[in-house]
Amino acid sequence: MKTELSLAIAGVLAVPLVVQADVGQEQLPTIVVEGSAMRAGTFGTAPDSSGLKDTASLLKRVPGANVNRNGPLTGVASYRGMFGNRVNISIDGANMKEVGPNSMDPPLSHIPAPLTGKLTVHRGVAPVSSGIESFGGSMHAESKKGRFAEGDGVETSGTASIGYGSVDDGYYGVMLGAVANKNHKLYLSGSKEQGRDYRKDDNNKQDDTQYDREAFTAGYGFQQDGHEFGINYSNNNTGHTGTPALPMDITYVRGGLYDANYSWDLDNGYKVRTNMFYQKMRHLMDNNTLRDVAGPDMLNRTRVEAGGIDLAVDMPFYEGVLTVGVNGDQANHDSDSAMDMMMTMPNGMNMMRTVNTNFFNRVERDRYSVFSEWTGNIAEDLMLDIGARYTHTWSDAGDASTESMMSMANMDLAKFNSSNRKKTFDEVDVAGVLRYAVNSEFDVEVGLGRKNRAPTYQELYLWTNNKAVGGFADGSTYIGDLDLDHETAYQFDLGFDWHNENAYIAPRFFYHYVYDYIQGEATTRMSMDGSGPILQWSNIDAQFYGVDLEAGYTFTENWRFDAGLNYVRGERINGSGPHASDTDLYRIAPLNGRAQVTFEQAGWMGAIEGVFYADQGDVAGYNEEQKTKGYILMNLRGKYEPYQGVVIGTGIENVLDLEHEDHLGGYTNHNRDNGRISMPGRNIYATLSYNW
Ligand SMILES: [Cu+2]
């Protein structure tokens, strides 16, 4: 049994029931759900239009997962009600840092979906080996890298793919080529995606949803006698791209990720795995290139420079494998904004002036972590995966500055610059999963965990009220708090999995209690734009519970039915103040599900898919979250493979052209008064791909 991410330190020892949902041809990213009953080809057997969007779109097909959609390329991963920095995400083994203080470039947006080879999601309590701060879950995306030759000669491999979608007149083109023998591999890829504002119904477009991105990767791989080495560079150049749920749009996100890994299989169960990354990105956003808003023109220029190193050793221990590892990373953030403001000059005249503010100056957040994990059989039919991790987080921020003449901003600034901003957090994570094969058709799994998360730099260092809060998109204005504690979650997960030759059903129940959950609390300040009280990040207590379920039935060789259902509830515990009785947490997906009937025969495939979202009335009071109406969408998908490796995909999404709003989407222009952003109307799409 081979680890899914053999080279990344985040690699997990494969457990007996890792099921690989190999979604048909290689042109589609493979979705791997660790510890899932998801059968081969459950959802996503047919090419869909997600090739025109980011990898995060794939999460809608993963039990318990979802996407906070802040823009066409800005999909923030959500898992069982937790999202953003609460979910650990690695890209090619690197824990990438966002250059945007408002998460305009969440990690899963770094590699376009057509260049993503595999997305792995840990279901239930994520093992400690899956990364530092796997607080709300753990996900790993890997880019396509070509393959080594199987014979003695030189072989080439690659992918070429194009696609078009009508709803936004969007297209993409992707090419990856690799030349390799059985020991060496060189590869190069490039992609381009572009689309206009999408149609939300017959006659209307949703403003601010155009997108434009180019990406390329290049790399080299080596394998011989148990040694594997790889070096990879991935570059992302996102141009004018809307993020309607945020106060500004992307003018650009530019930069790249260097990643190198090495592993050595020493036989007899011993293995060494290392991974290293370095990343440097620049970003510019503004509120007047793509959108037309009342109020002052603003722009914000940001930079990130980050790096990390991981090392793990696997060794046989009792009847299983013991892994011991260290992880560390560092990130440096800077952010400067400029706002046009009317100012009263000393002579009494009013003049429009540009006011510069250095919001985040030499902000640093470093993590040092060690872990140990054991996986093996403790009895016949009884598997245990148990681990512990210790993490030390250190963060600091340099002096901020502003040209603003507002007295409140200058008071905040003086207070921040005279405060001690060096913060350290020490955290111990533990996770254990016990899996019992009751018989060949029935498994039971119990998971227990204690997971921690240190505050983000925005939660600590946002020294005056602002909306750059990690893609929260709730329309509110926030202030940071230098006295925040880290969050500690106690997690319980119980899964059942019945399966026989023709059918499966696998429900999973979970309960999480979170001490010091970080959420906004009202201050006495009122925001100037009428969006209610200014909130400050604060520690509260919270609980999450719910169930996610997957099921399927194979009628005949050609006909199949698959379905999934997700329910999660998040509540504050022991609240006080004006919203004490209104305890629901923010941005929790309503009850939702999907069902698909698939027909497959001799190179042809067709599917009808129904997606359903219930009303969401359990909304957060503290940030005046708005309720949403439920909806049902119908999608039709087809696929035809005329020759080996050539796949034509086509379909219609939202066949009935229903105007609908997603509870996890935000408000137009980050303003609750504008109502929620509409999701795309009917989309007719076609894709063509060739793999060799
Ligand atoms: Cu931004």
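The values are calculated or read from the model by the stated rules, or taken from the named source; none is laboratory data. Quantities reported herein were computed from a predicted structural model and do not represent experimental measurements. Cβ: placed from backbone, ideal geometry, glycine included. Neighbour counts: every protein chain shown. Each accessible area value is taken on the protein alone, full model and side chains, heavy atoms only, with ligands, DNA and RNA left out. Shrake-Rupley method; radii C 1.70, N 1.55, O 1.52, S 1.80 Å.
If the condition is being away from the ligand (no atom under 16 Å from the Cβ), open to solvent by less than 20 Å² (accessible area, probe 1.4 Å), over 13 Å from Thr274 (Cα atoms) and not small (Gly, Ala, Ser), then segment 290-333 contributes only Asp329.
The single residue among Leu656, Leu633 that is crowded, with 18+ Cβ neighbours inside 10 Å, under 19 Å from Lys60 (Cβ atoms) and among the hydrophobic types (A, V, I, L, M, F, W, C) turns out to be Leu633.
Each row is one residue, and each column tells you yes or no for (1) touching a helix residue (DSSP H, G or I) at 6+ places or on another chain (Cβ under 8 Å); (2) open to solvent by less than 10 Å² (accessible area, probe 1.4 Å).
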{"site": "Met96", "(1), (2)": "yes, no"}
{"site": "Gly100", "(1), (2)": "no, yes"}
{"site": "Met104", "(1), (2)": "no, yes"}
{"site": "Ile132", "(1), (2)": "no, no"}
{"site": "Met139", "(1), (2)": "yes, yes"}
{"site": "Val154", "(1), (2)": "no, no"}
{"site": "Asp169", "(1), (2)": "no, no"}
{"site": "Lys192", "(1), (2)": "no, no"}
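Just name the residue that is nearest to the ligand (Cβ to nearest atom) out of those in segment 237-252 that are closer than 11 Å to Leu290 by Cα and in a strand (DSSP E or B). Restricting to residues being closer than 11 Å to Leu290 by Cα and in a strand (DSSP E or B), the top hit is Ile250. Taking the criterion of being open to solvent by 30 Å² or more (accessible area, probe 1.4 Å) and within 16 Å of the ligand (Cβ to nearest atom), the only residue of segment 273-287 that qualifies is Arg282. Take Tyr270 and tell me if it is in contact (Cβ under 8 Å) with a residue 40 or more places away in the chain, open to solvent by 30 Å² or more (accessible area, probe 1.4 Å) and away from the ligand (no atom under 16 Å from the Cβ). Considered against the rule, which asks whether it is in contact (Cβ under 8 Å) with a residue 40 or more places away in the chain, open to solvent by 30 Å² or more (accessible area, probe 1.4 Å) and away from the ligand (no atom under 16 Å from the Cβ), Tyr270 comes out as yes. Could you list all residues from segment 367-425 that are open to solvent by less than 20 Å² (accessible area, probe 1.4 Å), within 30 Å of Thr523 (Cβ to Cβ), in a strand (DSSP E or B) and polar (S, T, N, Q)? Listed by number, the residues that qualify are Thr393, Ser395. Of note, Tyr553 satisfies the criterion of being modelled with pLDDT under 95 and either under 20 Å from Asp474 (Cα atoms) or of a type outside the set (D, E, K, R) (or both). Taking the criterion of being out of contact with any Asp or Glu (no Cβ under 6 Å at 6 or more places or on another chain), part of a loop (DSSP other than H, G, I, E, B) and within 16 Å of the ligand (Cβ to nearest atom), the residues of segment 64-98 that qualify are Pro72, Met96, Lys97. What do you reckon, is Phe148 within 27 Å of Gly173 (Cα to Cα), more than 16 Å from the ligand (Cβ to nearest atom) and assigned to a loop (DSSP other than H, G, I, E, B)? Yes.
Of all residues in segment 77-94, those that are open to solvent by 10 Å² or more (accessible area, probe 1.4 Å) and touching a helix residue (DSSP H, G or I) at 6+ places or on another chain (Cβ under 6 Å) total 1.
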